[in-house]
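To start, the structure under review is shown below, and the notes come after it.
Read-outs throughout are calculated quantities, based only on the coordinates presented, and are distinct from any laboratory measurement. From a predicted model like this one, the values you see are computed outputs, not experimental measurements. So basically every Cβ, Gly included, is an ideal-geometry build from the backbone, and we count neighbours across all protein chains shown.
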Amino acid sequence: MFNYASYIWRSGTMRWLVSLTWSVFWLCFVMPVSVFAAERLALVIGNQTYNEKVGALTNPHNDIDVVGAALEKLNFKTTKIKDADFTTLQKAMKSHIAKVRESGPDTINFVYYSGHGAADATTGLNYLIPVDVLDAEDSSLWLNSVELKGDLIDKLSGQAPGATHFVVFDACRNELQLKVKGKKAFEVDGKGFVPIEQGGGILVAYATAAKRTASDSGVGSGPYARALAEELVRPGVEAVMIFRNVELRIWQSIGQRPWWNATGLQQVYLAGNLPVPPTSSTAPIAQPQAEKFAFELERAAEKKTMQTLLQQIGDAGIPSGGLFHSSKKWPKRNIVMCFLDGIRERRAHVASVARQWTLYGEIDFDFGSWDDPRICKPGAERHDVAITLENPGNWAYIGTDSSMAGEDKPTLSLESIGRATLEEVRAGKFNREILHEFGHVLGFDHNWKALSSSSSFSCDAELDRNKIYRELAKQGWSKETVDANLRSKSLPKNVIGAFDKNSVMNWQFPPNFFLRGRESPCYTMPLNELSLRDKLAVFMIFK
């Protein structure tokens, strides 16, 4: 195994970056007794089993298992609660606050919540949503939920002012079926928390930025929970830097930017303070290098998860979330990208979202700088993919077909990003389109062709073709173009994969394009993140 820690010290980087690079040392590190002298109390809550009118979640139970296990390694007396209703949630918080108050001024307190949470846009108050809430209609939702600041944070700081508090909320899920009176469903975007002003001695962290949503996807846990659990147990890392490291990992890997704020927090080393190597340097590290290490650490974790999953389910063919053209697979690991147009912020957002594909296999999108992705320049180094945000439509060449385009001609178009407002781009409104088109760049075709090309079933009979002709004509599609893209045809022998209803490589057609609407097997829900089988396909294809 490559010794990242040794490399960092030799490179003269800051001491805190070792927290990004310890891979297995913490497993055998013996904590000094003095590290755990103060009382350590933790409450972890995972709310997952909501009804369909609120939105069921996948990972909160896993999240509190992995975070709870990390806290127990650090000698926290941990109370774990799954699927708390309103009464249980209130009682658990009241009981925990009392324990922290009674344990004395040197107590270290840790509260972690994974589940649904949102802010009331009218009052600006944040709420944790119990599992017994019947409907996410905003006029009643807040009455049946627990107010974050008043019911927890203010009481912790008021009743136990001498303790050190860490309060973490892995919430604000996109799956929340929030309904706001006077707005259509697609206009509702207020599912995120708002910042909190807290007293001294407390760190408050959200899994995502203010007014943004957090991912619940992941195998074994959500991405934030896993990163937090791994960073908590790294020795030699001061507590505030733990959350900075988690922020870097999540931001660099899935484009989700965690938020945290610490006020008057004493210096705490939760996993022990390692001695500083005598040859180390305090010279500051360049931010891009820190971000690179953060991404590589997250990639290693994701690939380990994929390998474990494959060992469990067996390696029987490619469980692909999309049809892959093996004849168009890139022969190299590094695919060089450039933009023909677009301001820096739009280009940087596209690059950060597209990068998610590369977490799972030995393949990289080379944008130059992630903060300011390269612009295509005549006579510059040869690029593989040229991106436009100003040409009509969202489309891309499949895999190495990009070489068929003329010099400085676009091979990928994202008109939706170019036309969107910056606020819509920042909110991730068109992340699905980015992921879909970069899936084509890797070599994936439209997923539902796996159904259309089947000898036993075709999506042709499911389509309301006349309606499709009329609707797509508004976007400049001729009847011939529609037929060329949607008529069933035999797939080449070098195309591998199977149908995945959750794949980001599905076409996003509305239900009324199908004669049977949502009941059609060809209708797929619009998702804006990679499915599990999308990830597995990249892992297995790009080994």
**Item:** Extension gain (nm, one decimal) between Leu309 and Thr79, 0.36 nm per residue minus Cα-Cα
**Value:** 79.9 nm
**Item:** Ala56 versus Asp135: modelled label distance in nm, points set 7 Å from Cα along the beta carbon direction
**Value:** 2.1 nm
**Whole-Å semi-axes of segment 315-541's equivalent ellipsoid (Cα gyration tensor)** = 28, 21, 17
**Residue-span extension gain [Asp371 to Asn261] - 0.36 nm each, minus C-alpha spacing** = 37.2 nm
**Message:** Given contacts defined as C-alpha pairs under 8 Å and at least six residues apart, what's the relative contact order of segment 315-541, whole-number percent?
**Reply:** 30 percent
**Message:** Explain nothing, just the number: relative contact order of segment 494-536, from Cα pairs under 8 Å at least 6 residues apart, as a whole percent.
**Reply:** 46 percent
**Request:** Could you work out how far apart the two model spin labels at Glu519 and Ala69 are, taking each label as a point 7 Å from the Cα in the direction of the beta carbon, and quote it in nm?
**Result:** 4.4 nm
**For segment 41-183, the fraction of alpha-carbon pairs in successive 10 Å shells from zero, as %** = 12, 42, 33, 11, 2
**Request:** Provide the FRET efficiency to the nearest 0.05 for the Ala405-Gln475 pair, computing r from the beta carbons and using R0 = 25 Å.
**Result:** 0.70
**Prompt:** Arranged from highest to lowest average of other beta-carbon atoms within 10 Å per residue, in what order do the peptides 464-475, 114-125, 365-376 appear?
**Reply:** 114-125, 365-376, 464-475
**Prompt:** Lys329 versus Lys543, label points 7 Å from Cα toward the beta carbon: distance in nm?
**Reply:** 0.9 nm
**Message:** Applying a 10 Å radius around every beta-carbon, put 241-253, 406-418 in order of their mean neighbour count, most first.
**Reply:** 241-253, 406-418
**Prompt:** For segment 315-541, how many pairs of lysine residues have a Cα-Cα distance under 16 Å, where the two are 8 or more positions apart or belong to different chains?
**Reply:** 8
